[in-house]
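The values are calculated or read from the model by the stated rules, or taken from the named source; none is laboratory data. Since the structure is predicted, the reported quantities are computational estimates derived from the model, not experimental observations. Here the Cβ positions follow ideal geometry from the backbone for every residue, glycine too, while neighbour counts run over all protein chains shown.
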Amino acid sequence: MNWEIVIGLEIHAQLSTQSKLFSGAPVLFGAEANTQTTLVDLGMPGALPVFNKEALRMAVMFGHAVNAEIGMTSVFARKNYFYPDLPKGYQTSQMDDPIVGIGHLDVTLDDGTTSRIGITRAHLEEDAGKSLHEDFHGMTGIDLNRSSTPLLEIVSEPDIRSAKEAVAYVKMIHSIVTYLGICDGNMAEGSMRCDVNISLRPKGQKEYGTRTEIKNVNSFRFIEKAIYTEVERQADILEDGGRITQETRLYDPEKDETRSMRSKEDANDYRYFPCPDLLPVVLTQEYVDQIKATLPELPTSKAARFMSEYKLSKYDAGVLSSTRPMADYFEVVNKAAGDTKLSANWVMGELSKLLNQNQADIKDSPVDAHNLGLLLARIKDNTINGKTAKDILLNMWNGEGSADEIIDKKGLKQVTDTGAIETMIKEIIDANPTQVDQFRASEADKQKKMMGFFMGKIMKASQGKANPGVVTPILMTLLKG
Amino acid sequence: MLEQNISSLIKKLRKKEITSVELTQSYLTKIQELNPSLNSFITVCSESALAAAKQADAAIDAGTAGPLAGIPIAHKDLFCTQGTLTTCASKMLSNFIAPYESTVTARLEQAGAIMLGKTNMDEFAMGSSNENSHYGLVKNPWNLNQVPGGSSGGSAVAVAAGMAVATTGTDTGGSIRQPASFCGITGLKPTYGRVSRFGMIAYASSLDQAGPMARSAEDCAHLMNAIAGFDPQDSTSAEVDTEDYLADLNKPLDGLTIGLPKEYFGEGLDSGVADAIMQAVKEFESLGATIKDISLPNLKLSIPAYYVIAPSEASSNLSRFDGVRYGHRCEDPKDLLDMYTRSRAEGFSKEVQKRIMVGTYALSEGYYDAYYLKAQRIRRLIKQDFVKALNEVDVIMGPVAPTTAFSIGSKTDDPVAMYLEDIYTLSVNLAGIPAMSVPAGFSNGMPVGLQIMGNYFAESKLLNIAHQFQQNTDWHLQTPSMEKGA
């Protein structure tokens, strides 16, 4: 049968606040166990939560970014269940009145098609602690550092129809939250986690099939693979005339399979009710508007601007606007270089290559954007050629100074003196009679290819300093004799 | 020396007629003498109290003393007090030394008050008789066969029997006012949000409120000056300016309008209690007040609404007592579930378990609308009743409880009769308004408390009215003779 895939996603984005959602404890990854806690995070008797206003601001920013209704009155609710790393016996979350209501996001796939994904809601909630099962001699250790860390849970409508679309949506959310500066987007450290709801239905059927939920998938690649695997599993069952059990499953990337965690029957009754320790959060229109006014340019509009303002291709604009540090870097380079195409090529090419080789982030690039721009400006004004520039970039990467300093120090300024270049070319033509004869006997388009041989010799002789723009016409004239 | 009020004690301390060490020692001696029969204290802090008294004397000498410097008081054992056992009268917390100080106790310490110890109570503030304590029941000093009321029974008895100048209590459904009434002392439940709940072990967060228990309205005002006010650590505390609660005590009552709700004087009210209350009302008339009959039509709904909302919140608030981080943990748990179920079954009394189960049920999927949401709707109706009534009158008066203190054991097997004890007090917590219990006479030798209920943040007015009454009556000066019933 021809199955249609139906996917809805719940993304947990950890907000980059200084302190926790309901306490003044700092939010630090990797600190010694139970050192980043206060009475509130430890669930001490009599301790009371105080809502972090910074988390509120971040949630409202996100709401604006996904064209959502902002909950002018939102209410914290308690989700009650027992677990050793849940110190209060309940998680403070939002249920009936979330801070962010219905919104949407337009997602563009690699093939250029765009689809609109509905966002059901986004709500604030606190994270639980961590249970540690190793090194405790049969007992369990509890680390409450993560307890009460602020999370924004972003729930999509079941509007996603393929694994590729799911990944594009998650990447888009990732890009938005990092653009807004409300989440560091570090999936390996768990700053962004994803629950994937999947069901299948025969193409054309209106009703949804029974869904399963794959919990805590934490990379773009695993999201895609987990969906493929689960879709295949469900399709096999349905093809055999079986039924899907509504349940929570876990994706095992090593075995590339999903496993049942618990079925619906085992699910907790969370007994949600409004948290009596926290007042409803009531916003003024002024506050909401003020946040909207200070919203940074978001990836979609930035890409559109790159295309119209810099005449970049859709692909280049997409790559250069994919993260805010990348976009900011590109714009600084471009300003200093004064050549958009050159800037785009170098940021996406040489610089990205170096960053990848060194596993460095563009934010931490040893060559800052302005200096890279100045280097490119030297290509543009014919002081150096591209090949020399690549060598200089390496020198700059190693901290040997600015482009101009390196050009001066190493005497790399390219030769544009026509007389000197002509002499050099003549010497090379005289030294390679066989190749010159071959050249002269060839067709025009073949000749073009053979130019490379002479170009190489000239560059070698000039130690790369000969300006290709000056060399080419002279070389052509002399070769043709 | 032990029967004096805070104002005169402050004067004597400042004039060096007595020292705080002497005063504190005399109260400690009284505790030593009476506590074995009354069981009012769970913890007595003799050493730290005397050390603090010594510091208070030094501060008085140095002229750096706070307003309550050297005054010995005691705290209900649900306020966290750093480094001191804080049990909530539960086996669950019988080993819990609080690692921090509650706002209420910190502010009193800041004002210079001396903490004599921690008082007995109904476990987790769940009860109206103080018979439900891991540390044993508390006895009423007016008659040792009778209960002191609850849940702040230990605090009421400590004041009534002269074991502390004043005490702190908490009131979720009447837990300050009812024991104050039963023990013949003065107690104030402030407006919800007037006093910080930070460091108060929660029973029902939307109803809990701390307040003073003392011999007189004036003494309560002294304590209110220390404890009232916004606390950034409690999101539900009100950002409303505080007053000097001593300032208006002597305002005359001319022109005061008092509402008497007919629902407070109907079936179930003991005739001796009714007589005492009407006598007190007459006294107010003679002081210039006008009496008006009013109605609070939804009063009878306050019991079912309260017994859904309070247990619902409690079932969640008490989830943190799971044996994982602190408190009682069962021996040799065989797995996680066993640890949870046995630790909680052993650590909580039957009454606490019952309320946790009722609350868990009321919040369950499929029942939430029928119970919790409906109770919240009733709560709004009750609030509207009070708001409407308090537009017509300045204050509302009635009895605190339908009877005087009852015999120990007489209601323990009849939970409904026990819950009915709170019929006149619960609605005040549901509405969030302030109310006082003021000694207003005796019925069959046991004290009767007059309840005065006022508008939001009208604590100053309530204290003024109670003080004027106490200037013209001497019910609050009566003290039990401990020989009675012993």
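Does the stretch A:76-83 contain at least one residue that is within 14 Å of chain B (Cβ to nearest Cβ), of a type in the set (Gly, Ala, Ser), in contact (Cβ under 8 Å) with a residue 40 or more places away in the chain and under 17 Å from A:LEU21 (Cβ atoms)?
Within the stretch A:76-83, the first condition is being within 14 Å of chain B (Cβ to nearest Cβ), and the residues that meet it are A:76-83.
Now drop any that are not of a type in the set (Gly, Ala, Ser), which leaves A:77.
With the extra rule that they be in contact (Cβ under 8 Å) with a residue 40 or more places away in the chain, the set shrinks to A:77.
From what is left, the residues that are under 17 Å from A:LEU21 (Cβ atoms) are A:77.
Yes.
Note on the stretch B:53-97: residues that are more than 14 Å from every other protein chain (Cβ to nearest Cβ) and crowded, with 24+ Cβ neighbours inside 10 Å total 8. The single condition among (1) assigned to a helix (DSSP H, G or I); (2) closer than 16 Å to B:GLN82 by Cα that B:PHE124 does not meet is (2). Of all residues in the stretch A:422-469, exactly one satisfies the criterion of being in contact with a Leu (Cβ under 8 Å, 6 or more places away or on another chain) and of a type in the set (Gly, Ala, Ser), namely A:GLY464. Every test in (1) in a helix (DSSP H, G or I); (2) within 13 Å of chain A (Cβ to nearest Cβ) is passed by B:TYR326 save one, and that test is (1).
The set of residues from the stretch A:246-276 being aromatic (Phe, Trp, Tyr) and within 14 Å of chain B (Cβ to nearest Cβ) comprises A:TYR270, A:TYR272, A:PHE273. Within the stretch B:287-319, the set of residues being in contact (Cβ under 8 Å) with a residue 40 or more places away in the chain and farther than 30 Å from B:TYR372 by Cα comprises B:LEU287, B:LYS292.
What helices (runs of 4 or more DSSP H), lying completely within the stretch A:380-481, carry at least 3 residues that are among the hydrophobic types (A, V, I, L, M, F, W, C) and not assigned by TED's automatic domain parsing to the domain that holds A:GLN357? Show your work before the answer.
On the way: elements: A:386-397, A:403-410, A:418-431, A:433-441, A:444-461, A:468-480.
The helices (runs of 4 or more DSSP H) meeting that bar are A:418-431, A:433-441, A:444-461, A:468-480.
Taking the stretch B:140-153 as the range and being surrounded by 24 or more Cβ atoms within 10 Å (Cβ to Cβ) and either assigned to a loop (DSSP other than H, G, I, E, B) or modelled with pLDDT under 95 (or both) as the test, the residues that pass are B:PRO141, B:TRP142, B:VAL147, B:PRO148, B:GLY149, B:GLY150, B:SER151, B:SER152.
Residues in the stretch B:98-115 that are hydrophobic (A, V, I, L, M, F, W, C) and either assigned to a loop (DSSP other than H, G, I, E, B) or within 11 Å of chain A (Cβ to nearest Cβ) (or both): 4 in all.
Quick check on my filter: what residues within the stretch A:169-190 are small (Gly, Ala, Ser) and either touching a helix residue (DSSP H, G or I) at 6+ places or on another chain (Cβ under 9 Å) or modelled with pLDDT of 95 or more (or both)?
Of the stretch A:169-190, the ones small (Gly, Ala, Ser) are A:175, A:181, A:185, A:188, A:190.
Within the stretch A:169-190, A:SER175, A:GLY181, A:GLY185 meet the criteria.
Please determine whether any residue of the stretch A:177-189 is surrounded by 16 or more Cβ atoms within 10 Å (Cβ to Cβ), within 21 Å of A:ALA59 (Cα to Cα), touching a strand residue (DSSP E or B) at 6+ places or on another chain (Cβ under 7 Å) and of a type in the set (Val, Ile, Thr). Yes: one or more hits. Might you let me know whether the stretch A:53-61 holds any residue that is hydrophobic (A, V, I, L, M, F, W, C), in a strand (DSSP E or B), over 30 Å from B:LEU318 (Cα atoms) and touching a helix residue (DSSP H, G or I) at 6+ places or on another chain (Cβ under 9 Å)? Taking every residue of the stretch A:53-61 in turn, none turns out to be hydrophobic (A, V, I, L, M, F, W, C), in a strand (DSSP E or B), over 30 Å from B:LEU318 (Cα atoms) and touching a helix residue (DSSP H, G or I) at 6+ places or on another chain (Cβ under 9 Å).
Of all residues in the stretch A:137-144, none are in contact with a Ser or Thr (Cβ under 7 Å, 6 or more places away or on another chain), more than 30 Å from B:ARG344 (Cα to Cα) and assigned by TED's automatic domain parsing to the domain that holds A:GLU213. Among residues of the stretch B:187-218 being part of a strand (DSSP E or B) and within 14 Å of chain A (Cβ to nearest Cβ), the one that is nearest to B:ASN429 (Cα to Cα) is B:GLN209.
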